[in-house]
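Got a structure here, written out as structure tokens. Questions coming.
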Amino acid sequence: MDVQEKKSVRSCGENIVEMVDLDEETFAVSSSSTADACFDSVIGCIEDIIMDEEFRLLQQTFMEKHYLEFDDSEENKLSYTSIFNEHVDLLEKHLESQLVRRIPGFSMNSFIQILMKNKDQVSSDIFDMLLTFTDFMAFKEMFLDYRAEKEGRSLDSGLVVTSLIPASATHSGSSSSLQ
């Protein structure tokens, strides 16, 4: 009677436990605490939601509507406050409603507290996106990055190499022409 039962439970309300029955002794090996399993479940749901076309369209539309309002100066415009509040109302509420639908009993306030304690366990992209709901400077930085990318000033957009020699010109010292 080597292994009779091996059971993995992966829901937010239960611990991830593997039950292994070896001869007369039963061992329970916990892969994670209940809190860790719940946290991981929420992060997985968040990843699914933000990759969903509906969320991406909401975010893209919102960014397009407001990005020209933001400029890279020390002083913040009064209009930023209403845009920030609209962002929270639109995107955070959408995210929260999706999480409540997928995870019964979900509380965004409780999750944010746990997130701040476990931020090193979350990918930086997810953490930065969530931070834009609570941290105004992260929100402003998101808009500044978006604007820079739209205007071709983004460092993250990749390196573009352009030849300074026209395609019809010939290279001196070489018998072949550049084409």
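Taking segment 90-110 only, how many residues are open to solvent by less than 70 Å² (accessible area, probe 1.4 Å), over 15 Å from residue 58 (Cα atoms) and not aliphatic (A, V, I, L, M)?
3
While we're on this one: So, restricting to helices (runs of 4 or more DSSP H) that lie completely within segment 59-159, which ones have at least 1 residues that are closer than 21 Å to residue 36 by Cβ?
Hits in segment 59-159: 93-102, 108-117, 124-131.
Could I ask something else about it? So which residues in segment 133-144 are in contact with an Asp or Glu (Cβ under 8 Å, 6 or more places away or on another chain) and not aromatic (Phe, Trp, Tyr), if there are any at all?
Residues satisfying the conditions are 138, 142, 144.
Pull out all pairs, ordered by first then second residue, where Cβ-Cβ is under 9 Å, the residues are six or more apart or on different chains, the first lies in segment 57-74 and is closer than 11 Å to residue 150 by Cβ, and the second is outside any helix (DSSP H, G or I) and open to solvent by less than 50 Å² (accessible area, probe 1.4 Å).
Filtered contacts from segment 57-74: no entries.
Pairs under 6 Å by beta carbon, first residue closer than 13 Å to residue 83 by Cα in segment 127-144, partner among the β-branched types (Val, Ile, Thr) and not in a helix (DSSP H, G or I), six or more apart or different chains?
These pairs meet every condition: 139/132; 142/132.
Kindly indicate whether residue 126 is in contact with a His (Cβ under 8 Å, 6 or more places away or on another chain) and open to solvent by less than 60 Å² (accessible area, probe 1.4 Å).
No, not satisfied.
This table checks each residue for (1) open to solvent by less than 50 Å² (accessible area, probe 1.4 Å); (2) farther than 19 Å from residue 55 by Cα.
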residue	(1), (2)
82	no, yes
88	yes, no
112	yes, yes
122	yes, yes
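Continuing with the same structure: Residues of segment 103-121 being closer than 14 Å to residue 134 by Cβ and among the hydrophobic types (A, V, I, L, M, F, W, C), which ones?
The answer is 108, 111, 112, 114, 115, 116.
Of the residues 134, 162, 170, only one is open to solvent by 70 Å² or more (accessible area, probe 1.4 Å), among the hydroxyl-bearing types (Ser, Thr, Tyr), at pLDDT below 90 and within 15 Å of the chain's Cα centre (by Cα); which?
That would be 134, the only listed residue that is open to solvent by 70 Å² or more (accessible area, probe 1.4 Å), among the hydroxyl-bearing types (Ser, Thr, Tyr), at pLDDT below 90 and within 15 Å of the chain's Cα centre (by Cα).
Against the condition closer than 26 Å to residue 137 by Cα, of a type in the set (Gly, Ala, Ser) and at pLDDT below 95, how does residue 73 come out, does it pass?
In short, yes.
The values are calculated or read from the model by the stated rules, or taken from the named source; none is laboratory data. It should be emphasised that the depicted structure is a prediction, and the values quoted were computed from it without experimental measurement. Positions of Cβ are backbone-derived with ideal geometry, glycine not excepted, and every protein chain shown enters the neighbour counts. These accessible areas exclude ligands, DNA and RNA; they are computed on the full protein's heavy atoms, side chains included. Shrake-Rupley method; radii C 1.70, N 1.55, O 1.52, S 1.80 Å.
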